[in-house]
Amino acid sequence: MFADVTVQAVFDETGFIGVQNHWEYDEIYGTSMFAAADANGDGLLSGKELESLKNAVLAPLAGQNYYNYVLSGTKFLKTTGVENFQAKNKDGRLVLDYLVRFSIPVSKDYQFFVVVVADPTFYISVTTDMENSGAKAPDAMEVEYYDDNLEGLTLMKSFRSDVEGLYVRFKK
């Protein structure tokens, strides 16, 4: 299974609140999952269909933070869940958008964290489009970010060598 992914570190006035995920799956997986979820065959997912797809795709990933790894200092943050799940069919590809919730309160001093969206089991071949990944923050918050490989981050040595992370620092 293959997925093209973009990520956004999302902030509000309180600080870092989560990672906005945008996943576009390959045509074979996407077509089969969409067809299985679209019980009434109208080409749209809503209500129970959307919930069914969310459970089928994301529930197995809950124990792995939905493949969202946020490293703050020497600790991986635990997610508090998923919000705003949406799904659609785009040219035969299943497209999912959702926010994975985390929390790092803002302070007057810079805080630093790294976001990686990847599957360390290699079941899903995730390609993160780092050129279109970034951060969304209120104007009153100072946020800087760049993408880079994970070389030197020993806590992330289980990822492939070509996996990149979004390095973020922020303060008020």
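If you check every pair at least six apart or on different chains, which have Cβ atoms under 6 Å apart with a residue in the stretch 27-53 that is assigned to a helix (DSSP H, G or I) first and a residue that is among the hydroxyl-bearing types (Ser, Thr, Tyr) second?
If the second residue must be among the hydroxyl-bearing types (Ser, Thr, Tyr), the pairs left are 37/52.
Mind telling me which of the residues 112, 102 ends up being out of contact with any Gly (no Cβ under 6 Å at 6 or more places or on another chain), assigned to a strand (DSSP E or B) and at pLDDT 95 or above?
Testing whether each residue is out of contact with any Gly (no Cβ under 6 Å at 6 or more places or on another chain), assigned to a strand (DSSP E or B) and at pLDDT 95 or above leaves just 112.
Show me the strands (runs of 3 or more DSSP E) entirely contained within the stretch 126-172 in which 1 or more residues are of a type in the set (Phe, Trp, Tyr).
The qualifying strands (runs of 3 or more DSSP E) are 142-149, 164-171.
Just to be sure I understand, how many residues within the stretch 77-96 are outside any strand (DSSP E or B), surrounded by 12 or more Cβ atoms within 10 Å (Cβ to Cβ) and more than 13 Å from the chain's Cα centre (by Cα)? It would help to see each step written out before you state the result.
Taking the stretch 77-96 and keeping what is outside any strand (DSSP E or B), we get 77-80, 91-92.
After this cut, where a residue has to be surrounded by 12 or more Cβ atoms within 10 Å (Cβ to Cβ) as well, the list is 77, 79-80, 92.
Now drop any that are not more than 13 Å from the chain's Cα centre (by Cα), which leaves 77, 80, 92.
Counting residues in the stretch 77-96 that are outside any strand (DSSP E or B), surrounded by 12 or more Cβ atoms within 10 Å (Cβ to Cβ) and more than 13 Å from the chain's Cα centre (by Cα) gives 3.
Return the residues of the stretch 64-76 that are open to solvent by 40 Å² or more (accessible area, probe 1.4 Å), within 17 Å of residue 153 (Cβ to Cβ) and free of Cβ contacts under 8 Å to residues at least 60 places away in the same chain; say none if nothing qualifies.
Of all residues in the stretch 64-76, those open to solvent by 40 Å² or more (accessible area, probe 1.4 Å) come to 64, 73-76.
Subsequent filtering for residues that are within 17 Å of residue 153 (Cβ to Cβ) retains 73-76.
Within the stretch 64-76, 73, 75 meet the criteria.
What are the residue pairs meeting all of these: first residue in the stretch 143-161, first residue of a type outside the set (Lys, Arg), second residue part of a helix (DSSP H, G or I) and loosely packed, with under 15 Cβ neighbours inside 10 Å, Cβ atoms under 9 Å, and 6 or more apart or on different chains?
Sorted first by the residue in the stretch 143-161, then by its partner, the pairs are 147/131.
Give the stretch 26-63 a look and list any residue that's exposed (fewer than 12 other Cβ atoms within 10 Å of the Cβ) and among the basic types (Lys, Arg), or say none.
Listed by number, the list holds a single entry, 48.
May I ask you to list the residues in the stretch 1-25 that are open to solvent by 70 Å² or more (accessible area, probe 1.4 Å), in a loop (DSSP other than H, G, I, E, B) and not polar (S, T, N, Q)?
13
Take the stretch 100-112 and flag every residue that is over 18 Å from residue 167 (Cα atoms) and open to solvent by less than 60 Å² (accessible area, probe 1.4 Å).
None; the set is empty.
Could you list all residues from the stretch 102-158 that are charged (D, E, K, R) and over 20 Å from residue 14 (Cβ atoms)?
Result: 119, 129, 131, 147, 148, 151, 157.
The values are calculated or read from the model by the stated rules, or taken from the named source; none is laboratory data. Please read these numbers as outputs of a predicted model, since none were measured by experiment. Here Cβ is always computed from backbone atoms with ideal geometry, including for glycine, and neighbour counts include all displayed protein chains. Heavy atoms of the whole protein, side chains included, go into the accessibility calculation; ligands, DNA and RNA do not. Shrake-Rupley method; radii C 1.70, N 1.55, O 1.52, S 1.80 Å.
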